[in-house]
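All remarks here apply to the structure that follows.
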Amino acid sequence: MNQDEINRIVALAETASAGVTDPAMKVETYKIVLTEMLRSAQAPASAPQNSANTPTTPQPSQSKPDSAPAKVAAWTGVSEDVLSEVFEFGDSAVTVRLSHNLLPKKVSDAQRLLAQLKLSVDKIGYDADEVAAKDLIDMFDDHGCKDGNVAKNLKASDYIISKGGKGTMKTYKLRYSGISATLTEIQNVLGAAA
C-alpha cells in the first residue's frame, strides 16, 4: 500500500465521521472506518491491477461525500450500489428492506437485527441519535415480525437503549458498543444478499 492509498483511506474515514456531532461517536466512527478500510485495502486483490492495455470499467455514479449513503458506504467499506439492496436512503432517515430469507427465524431476533440496522445507519448517515418506537414497529410490520413484545424484545438487546416511560412516546437508541457489532451484521447481511 502506497502513501496515496493511505491518504485516500484517511480522507474517507474523516469524511465518514465529519457529520457526527457527538465527540465520542465521532472518534468511534473514525476508528471503525479507518480499521475496516485498512483491513480491506491489505486484503489480497482478487483481480489483476489495471494496466495501460486494460480498459477501465466506468464507476457507478456516487452521491456527494457528505450524503447519508456516502457516509454509510465509507463506514461499512461497501459501495452505495450494494447498500441500496438493503437500505433506501430518504431525506432524514433510512428505510430497511431486508429480504425475509435473511431475517432470523425467531421474531425477537429479527426485531433486534432490524432495529440495530436502522439505528446504526440512521446514526452514521443522518446523525440521528434516536428513533421513535412507532417507526420501528412500522418496520417490523413491513417485515412480518411485529408482535406484542417489541419493548421486551428490544430491551433484551445488549446494544439497544429504550428511552421514555409509560404515558410518553418511547424512543430507542443504539449504544456505542452496538455500532461495531452492527457493522459486522451489515457486512454479513450484504454478503448473504449479494
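Condition check: charged (D, E, K, R), touching a Ser or Thr at 6+ places or on another chain (Cβ under 8 Å) and at pLDDT 95 or above. Does GLU80 satisfy that? It is false that GLU80 is charged (D, E, K, R), touching a Ser or Thr at 6+ places or on another chain (Cβ under 8 Å) and at pLDDT 95 or above.
Each row is one residue, and each column tells you yes or no for (1) out of contact with any Lys or Arg (no Cβ under 8 Å at 6 or more places or on another chain); (2) loosely packed, with under 13 Cβ neighbours inside 10 Å; (3) modelled with pLDDT under 65.
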residue: THR21; (1), (2), (3): yes, yes, no
residue: LYS26; (1), (2), (3): yes, no, no
residue: LYS31; (1), (2), (3): yes, no, no
residue: GLN49; (1), (2), (3): yes, yes, yes
residue: GLN59; (1), (2), (3): yes, yes, yes
residue: TRP75; (1), (2), (3): yes, no, no
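Listed by first and then second residue, the pairs with beta-carbon distance under 7 Å, at least 6 apart or on different chains, first residue in segment 3-14 and more than 13 Å from ILE32 (Cβ to Cβ), second outside any helix (DSSP H, G or I), form an empty list.
Results for (1) at pLDDT below 95; (2) of a type in the set (D, E, K, R); (3) buried (at least 17 other Cβ atoms within 10 Å of the Cβ), shown as yes or no for each residue.
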{"residue": "ASP122", "(1), (2), (3)": "no, yes, yes"}
{"residue": "VAL131", "(1), (2), (3)": "no, no, yes"}
{"residue": "LEU136", "(1), (2), (3)": "no, no, yes"}
{"residue": "PHE140", "(1), (2), (3)": "no, no, yes"}
{"residue": "VAL150", "(1), (2), (3)": "yes, no, yes"}
{"residue": "GLY164", "(1), (2), (3)": "yes, no, no"}
{"residue": "THR168", "(1), (2), (3)": "yes, no, no"}
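Restricting to segment 107-120, name every residue that is of a type outside the set (A, V, I, L, M) and crowded, with 17+ Cβ neighbours inside 10 Å. Within segment 107-120, SER108, GLN111, ARG112, GLN116, LYS118, SER120 meet the criteria.
Contact annotation: residue pairs with Cβ atoms under 6 Å, 6 or more positions apart or on different chains, pairing a residue in segment 164-179 that is under 28 Å from VAL27 (Cβ atoms) with a partner that is in a loop (DSSP other than H, G, I, E, B) and among the small types (Gly, Ala, Ser), are THR171/GLY164.
To keep it simple, each residue is scored yes or no on (1) touching a His at 6+ places or on another chain (Cβ under 6 Å); (2) assigned to a helix (DSSP H, G or I); (3) within 23 Å of LEU83 (Cβ to Cβ); (4) of a type in the set (D, E, K, R).
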site	(1), (2), (3), (4)
ASN101	no, yes, yes, no
PRO104	no, no, yes, no
LYS118	no, yes, yes, yes
VAL121	no, yes, yes, no
GLY125	no, yes, yes, no
LYS134	no, yes, no, yes
PHE140	no, yes, yes, no
ILE161	no, no, no, no
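If the condition is being in a loop (DSSP other than H, G, I, E, B) and either surrounded by 12 or more Cβ atoms within 10 Å (Cβ to Cβ) or of a type in the set (S, T, N, Q) (or both), then segment 170-194 contributes LYS170, ARG175. PHE140 meets the conditions (1) within 19 Å of the chain's Cα centre (by Cα); (2) closer than 23 Å to LYS26 by Cβ in every case but one. The failed one is (2).
The values are calculated or read from the model by the stated rules, or taken from the named source; none is laboratory data. Keep in mind the model is a prediction, meaning the values are calculated, not measured. Cβ sites come from the backbone with ideal geometry, for glycine too, and all protein chains shown count toward neighbours.
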